[in-house]
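Read-outs throughout are calculated quantities, based only on the coordinates presented, and are distinct from any laboratory measurement. Nothing here was measured: the structure is a model prediction, and the numbers come from that model. FYI the Cβ positions are ideal-geometry reconstructions off the backbone, even for glycines, and counts take in every protein chain you see.
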Amino acid sequence: MNEEERNAKAFAFKLLAKRAYTRKEVMRKLRHKNFSEDVSLKVLENLEESGLIDDKFYAACFAQTHQEWGIRRILLELRKRGISEEHIEEVKKTFGEEEFAKCLKLASQWREHLSREQIRSRLIRRGFNSSAIRRALDMTCEDAC
């Protein structure tokens, strides 16, 4: 292992000590630090083999920790972070079924303080789909909103 590889690996370890990163994010950071493509790819392979970078696990954790977001927003963020479509589909299957329940919970929490339109706007910004929003609003805002 040459000096550039050692430095790239040390830099990647320092990053991953702070929080989890996707493969794409680590690659971008390595490029930003001007490590060569070959060295960066070698470091990434090593990190994946040792389990320090795991995009599938990252995607599941990300979805789990963003419970107040709709599935559309979660999937959009995962795509931005370079998660593969295969892993995104798994998240969609696992967490997509909870969409209406999460939407209903948020609408119920907000109904005493916000109008129907304000609740609808908030839910749209959080990435919930229109049918879940409509159903949640119909159930929570019959007469209160």
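May I ask for the distance between the Cα centers of the range 71-145 and the range 20-70, given as a whole number of Å?
27
Counting pairs of alpha carbon atoms under 8 Å apart in space and at least six apart in sequence, what relative contact order in percent does the range 13-86 give?
Here the relative contact order equals 39 percent.
So which residue, out of Ala20, Ala63, Ala101, gets the largest mean-square fluctuation from a GNM of the chain using Cα contacts under 10 Å as springs?
Residue with maximal mean-square fluctuation among Ala20, Ala63, Ala101: Ala101.
From Cα pairs below 8 angstrom and at least 6 apart in sequence, can you work out the relative contact order of the range 98-140, rounded to a whole percent?
Averaging sequence separation for qualifying contacts and normalising by length gives 58 percent for the range 98-140.
What does the charge count around Asp38 come to, taking other residues whose C-beta lies under 10 Å from its C-beta (Lys +1, Arg +1, Asp -1, Glu -1)?
Around Asp38, the surrounding residues sum to -2.
Pairs of alpha-carbon atoms within less than 8 angstrom and 6+ residues apart define the contacts here; what relative contact order does the range 55-97 have, in percent?
It comes to 50 percent, rounded to a whole number.
So how do Phe35, Phe62, Phe100, Phe128 line up by other beta-carbon neighbours within 10 Å, fewest first?
Taking fewest neighbouring Cβ atoms as first place, the list is Phe100, Phe62, Phe35, Phe128.
What order do you get for Asp54, Asp138 when you list them from fewest to most C-beta neighbours inside 10 Å?
Asp138, Asp54
How large is log10 of I(q)/I(0) for the range 55-97 at q = 0.14, 0.24, 0.29, 0.33 Å⁻¹ when the intensity is taken from the Debye formula with one equal scatterer per alpha-carbon?
Normalising to I(0) and taking log10 leaves -0.22, -0.70, -1.07, -1.42.
Among [x] -0.47, -0.82, -0.87; [y] -0.27, -0.74, -0.85; [z] -0.58, -0.91, -0.97, find the value of log10 I(q)/I(0) by the Debye sum over Cα atoms at q = 0.10, 0.16, 0.17 Å⁻¹ that was calculated from the structure presented, and write down its label.
[x]
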